[in-house]
Amino acid sequence: MTVWYSCLFGLFLILLAGLSYLLYWRNSVERTDSNLLELSETYIATFNAELKDEQGADAVKNAAREAMVEHRFRDVVYAIVDGNSQLLLSSLDLPAVRGGIEKLTPEIFDSSDFRQLAQGYEKSGAGSFRNIPGGRNGFRGYVRLLSADNPNLKLVVLQSLHPQHELMEDIRYTFYWIIPIALLLASAGGYFLARKSLAPVADMARQARGMGASHLGDRLEVSNPRDELGRLALSFNELLDRLEKSFEQQRRFVADASHELRTPVAILQGETEVTLSRPERTPAEYRETLSILRGESQRLAHIIEDLFTLTRADAGQYPLQLRELYLDELTTDVLRRTRSLAISKGITLTSAIQPELPVQADEDLLRRMLLNLLDNAIKYTPGGGKVNVECRREGDEYVLRVTDTGTGIPAELQSRIFERFFRADKARSRSEGDTGGAGLGLSIANWIAEAHHGRLALTRSDASGTTFTAYLPVPTDGPFTH
């Protein structure tokens, strides 16, 4: 980054120096032209004044010479030429001014550039400027009429460009020194600022490299939460919070799944070993063993099926088989199938179902959600209790509510009720005859509700019982033909 910054800054300095140099050169040329114009004006004023005092045939020449004497300047040459651009008089014929830096000879007036300058007035009809080679760095020349009464005489003023070139050379050498020094200082400063600015990023990278599955509790240090890097560190820490939570859920899921699978497998293995260890057993004993094996195998198959369902749901590989059906008819059918289970436990099963509730849903999944809710309610309701099912429309939602009269769920555990393998009463979930309770039923029911763009909520749980409510959206296309 520092290299790129230095290159761009160096290019900017070079462009700025070049532009400044060109602008200064142009200004110096304009100042030289303005000075030449002023010199010609003052010379002609002096010439006209001297001409009034001169008499005779050489009056013009004498007046011109006197004007040159009065206007002698270092590195400035005056010349009078005729209509054919022939030199008549020049200040080179006079004693040189002390301190002059140019050593000129009369040959300069024989050059083609000088003649073109002298003829330039005739072509343009006004004063004109031109560069004339000669001396060290050449001259800037200006030509105009000496007198309006005599169009054959012209005044040529030459000014040396050597001081100007020396100044521009000094400017070039200044740029030659300033640009590398400025670039070096800017690069050093940029490198220092870049290191200082990116130091927190390097620290964050170093801390991040030290994090792993075994150190998910570590967090990045946030020195200033209000700047960009501080907000980045906070966002990264939030990501780590989510990852830690996901890893913790995964570890708990694997541990609980292993525990749930180990129990039926251990029972199957134990019963098999006991049976094989006694070669002589009665048919009743074999029947009892086979009954235990069947029950545990059913429990094992149920757990595996639930795990497979949740795994496919998490991976997004459980497509819904949507079709048109009536939620009231589905609820009535599920109640009919679970009535015998409620009767066997001495539980009263009641319902309040509103007719004509059309819905587009996966029938098998909705049936499974309702069966899980009813199975959970019956399982945790003591004999003599009551389980009630309500199914109705409320606004733009269908409400499916299952209420039992069990002991309820402790308040501190209610937030975890939809976690996988979570059971509020583990001792009860191992009750005799329980072939399914692995703590996955409510998780699956919750996923089914969300898969249908609805939700499942624990709406009440206290000493008088528990209520689970599923909310499903009403189809926007309206009712269909029954």
Residues of the chain: accessible area per residue with a 1.4 Å probe, Å² | 58
What is the spin-label model distance, in nm, from R281 to V29 if the labels are put 7 Å beyond Cα along the C-beta direction?
-> 11.5
Approximate shape of region 287-354 as ellipsoid semi-axes (Cα gyration tensor, √5λ), whole Å, largest first | 27, 26, 9
Helical mean residue ellipticity (222 nm; -39500 (n - 2.57) per DSSP H run of 4+; nearest 500) of the chain | -19000 deg cm²/dmol
Portion, in percent, of the accessible area of the chain that falls on carbon or sulfur, probe 1.4 Å = 55
Mind grabbing the accessible area of F308 for me, 1.4 Å probe, Å², rounded to tens?
-> 110
Out of residues 5 or more away from D75 or on other chains, whose amide H comes under 5 Å of its own, with H placed 1.01 Å from N in the peptide plane?
-> I101, E102
Kirkwood-based Rg/Rh on the Cα set of the chain evaluates to 1.58
Once normalised by the length of the chain, the mean sequence separation of its alpha carbon contacts under 8 Å that are 6 or more apart gives a contact order in percent of 9
So what J values fall out for region 336-341 if you push phi through Karplus, 6.51 cos²θ - 1.76 cosθ + 1.60 with θ = phi - 60°, rounded to Hz, Gly and Pro as x?
-> 5, 6, 9, 4, 5, 5
Under 5 Å, built H, 5+ apart or other chain: amide partners of L146 | L153, K154, L155
In region 1-65, taking the dipole from +1 charges on Lys and Arg beta carbons and -1 charges on Asp and Glu beta carbons about the Cα centre, the listed residue (F12, V60, W25) farthest towards the positive end is F12
What per residue convex hull volume, in Å³, comes out for region 1-99 when only alpha-carbon positions are used?
-> 140
For region 274-282, what does the Karplus curve 6.51 cos²θ - 1.76 cosθ + 1.60, with θ = phi - 60°, yield as ³J(HN,Hα) per residue in whole Hz, taken in order and with x for Gly and Pro?
-> 5, 5, 6, 6, 10, x, 10, 9, 6
Dipole of the chain, Cα-centred, from +1 at each Lys and Arg C-beta and -1 at each Asp and Glu C-beta, to the nearest 20 debye?
-> 1340
As straight-line cross-link partners of K245, the qualifying aspartates and glutamates (C-alpha separation under 18 Å, not fewer than 8 residues apart within one chain) are D218, D256, D314, E419
Backbone HN-Hα couplings from phi across region 457-465 [Karplus 6.51/-1.76/1.60, Hz, Gly and Pro as x] = 9, 8, 8, 7, 7, 8, 5, 8, x
Starting from the exponent 0.38 and prefactor 2.2 Å, build the expected Rg for region 269-414 from its residue count and divide its actual Cα Rg by it.
-> 1.37
Reachable aspartates and glutamates from K345, Cα under 19 Å, same-chain residues fewer than 8 places away excluded?
-> D375, D404, D425, E432, D434
If you average 1/r over every pair of different alpha-carbon atoms in region 123-197 and take one over that average, what Kirkwood value in Å do you get?
-> 16.7
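The values are calculated or read from the model by the stated rules, or taken from the named source; none is laboratory data. Small disclaimer: the values here were computed from a predicted structure and weren't measured. Positions of Cβ are backbone-derived with ideal geometry, glycine not excepted, and every protein chain shown enters the neighbour counts. The protein model used for the area step is the full one, side chains on, heavy atoms only, and it has no ligands, DNA or RNA in it. Shrake-Rupley method; radii C 1.70, N 1.55, O 1.52, S 1.80 Å.
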